[in-house]
1. Determine, yes or no, whether residue 114 is buried (at least 17 other Cβ atoms within 10 Å of the Cβ), closer than 19 Å to residue 552 by Cβ and in contact with a helix residue (DSSP H, G or I) (Cβ under 9 Å, 6 or more places away or on another chain).
2. Could you say which residue among 407, 394 is touching a helix residue (DSSP H, G or I) at 6+ places or on another chain (Cβ under 9 Å), farther than 17 Å from residue 475 by Cβ and in contact (Cβ under 8 Å) with a residue 60 or more places away in the chain?
3. Looking only at residues in the range 334-348 that are away from the ligand (no atom under 15 Å from the Cβ) and part of a loop (DSSP other than H, G, I, E, B), which one is surrounded by the most Cβ atoms within 10 Å (Cβ to Cβ)?
4. It is to be established whether one or more residues within the range 158-173 are surrounded by fewer than 18 Cβ atoms within 10 Å (Cβ to Cβ) and in a strand (DSSP E or B).
5. Search the range 289-300 for residues that are on the phi > 0 side of the Ramachandran plot and pair each with any residue that is near the ligand (Cβ under 6 Å from one of its atoms) and outside any helix (DSSP H, G or I) when their beta-carbon atoms are under 9 Å apart and the residues are at least 6 apart or on different chains.
6. Given the conditions (1) in contact with a helix residue (DSSP H, G or I) (Cβ under 6 Å, 6 or more places away or on another chain); (2) within 30 Å of residue 498 (Cα to Cα), report the number of the one that residue 227 does not fulfil.
7. Say whether the condition of being more than 25 Å from residue 320 (Cα to Cα), free of Cβ contacts under 8 Å to residues at least 40 places away in the same chain and not in a loop (DSSP other than H, G, I, E, B) is met by at least one residue in the range 420-438.
8. Out of all the residues in the range 96-109, is one or more within 21 Å of residue 151 (Cα to Cα), part of a helix (DSSP H, G or I) and within 8 Å of the ligand (Cβ to nearest atom)?
Ligand SMILES: Cc1cc2nc3c(=O)[nH]c(=O)nc-3n(C[C@H](O)[C@H](O)[C@H](O)COP(=O)(O)OP(=O)(O)OC[C@H]3O[C@@H](n4cnc5c(N)ncnc54)[C@H](O)[C@@H]3O)c2cc1C
């Protein structure tokens, strides 16, 4: 890897600052500013309505480039896909640059799905890979490329078996979550294979991306921080690298073998969300996404000739706790920025299948539906929100419900014996979760008045009758997920969805090469993780637990192995 400026990174930074190149970059990047455009009316400009958020590709004059760097493999984004690609490239001796717009690696996503690794086979029977393939396809109503999914199915185990010793060498220990393959939820059964890997202690520094950064540093590499993608360099059907805005000015990176977009999804871009995922504002109150994931990398891939999945695929969890009276949808802050109204990240107990009612006090749904399915159903209710109500027997109920995936976070603390109130406080529910000695008082605290309050009381009485009978004749919830509301203290909290990320992205083939509209390959351009598509549609298949990060890590590693000649 060479810097054509001939300067070390530190010297390069200083030289750039002396030259006042930041101002130069700002001028050269005028085309980067989001264009203030109104959405055309869908009926009069349907095609444009789908892409008005794209904007125009910035133009960069060669004279404005302050430095040029050359490498074999350019990785854009030091998140989950990017750091796996970097660690792999480092091990395989592939010359690379990893360029990151932030000042640290992206947040590690802790739970990683991989099929039939040697670790899962120690605790569970082999998983039928074809069943996973077809289950994912069913979740997406077929709007996938099964060949892309198969890359994860085939190579996920190799990925996790590669990263595990690296994690262990840095003090982490591997865990696997055994699953009940036929998982009851929403009155039916979902396929829930044992594929989830994680590293203990979870959510504690150092995490996987930190350790991968150390790993590449030990081999003499570093992440290039403050490298904000401006555009991909492309000529015809070929990408040759990219231009970045840096504190020193515009830097061009030439990539001889390939450029990997690993820039994540677009959850932090309300304009793209509204255009591609119109249901999200109708069912979300909370932001659990990384603010860095603004969809710019996806737009750059489209400017270079790529095409995007037609259908959107959000990841929404049913944990966006809000005070009474708050609706789903964006609000605008004093600086004119749009965001979701919740001040809280996620209140995990929201995923427990307790009684849920709408603002009219009516039960409207089978509460044990998967996270996003419940949020989608709530979007048909006033304000898109629902109120979850339970009683003083909640701990026993939670232990009996047997939720899985990250909903089992609450269960784990109950199993450890943590008092419920302590858990709610620890999870940030103070002031959001209401508690009262009588249902009448609770209803008042939750904002129910008049007819709605009476309806709530009637709904609870009817629900208690259903529980007593053992059969949910209204919505078919599993008997073990029915729980009476009779024992003080009583609890209640309003919820909407929490948006985590988006999974619809650039069309790719099984080698993660970005495709054009006619299906041909854009030479030199790859996409991995949430910026890439062909894997999901409409939802996140949450009972194929951790398949998002699993495929992300596998795809990132695949591209590095491919370019290093490590794949047969
Ligand atoms: C809170 C949360 C928890 C999650 N937990 C799990 C889990 O446990 N298991 C699971 O399977 N899935 C999980 N997911 C989903 C998972 O994060 C994603 O599916 C995926 O792993 C994201 O990886 P990525 O590499 O695509 O993007 P990211 O990890 O977000 O990385 C993108 C990187 O690109 C950088 N970048 C963006 N734009 C630019 C630019 N213009 N120039 C330069 N750099 C740029 C960003 O700064 C960031 O570092 C979770 C998601 C969230 C939000």
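1. Numbers: buried (at least 17 other Cβ atoms within 10 Å of the Cβ): yes; closer than 19 Å to residue 552 by Cβ: yes; in contact with a helix residue (DSSP H, G or I) (Cβ under 9 Å, 6 or more places away or on another chain): yes.
So residue 114 passes the test.
2. 394
3. So, considering only residues that are away from the ligand (no atom under 15 Å from the Cβ) and part of a loop (DSSP other than H, G, I, E, B), the one surrounded by the most Cβ atoms within 10 Å (Cβ to Cβ) is 341.
4. So in the range 158-173, the residues surrounded by fewer than 18 Cβ atoms within 10 Å (Cβ to Cβ) come out as 158, 161-162, 165-166, 168-171, 173.
Those left that are additionally in a strand (DSSP E or B): 173.
The answer is yes, given that some residue of the range 158-173 is surrounded by fewer than 18 Cβ atoms within 10 Å (Cβ to Cβ) and in a strand (DSSP E or B).
5. 295/263; 295/264
6. Only one criterion is unmet by residue 227, namely (1).
7. no
8. Narrowing the range 96-109 to residues within 21 Å of residue 151 (Cα to Cα): 109.
Among the residues that remain, those that are also part of a helix (DSSP H, G or I) are: none.
So far as the range 96-109 goes, no, none of its residues is within 21 Å of residue 151 (Cα to Cα), part of a helix (DSSP H, G or I) and within 8 Å of the ligand (Cβ to nearest atom).
The values are calculated or read from the model by the stated rules, or taken from the named source; none is laboratory data. Quick caveat: nothing in here was measured; it's all calculated off a predicted structure. Methodologically, a virtual Cβ is constructed for each residue, glycine included, from the backbone with ideal geometry; neighbour enumeration extends over all protein chains shown.
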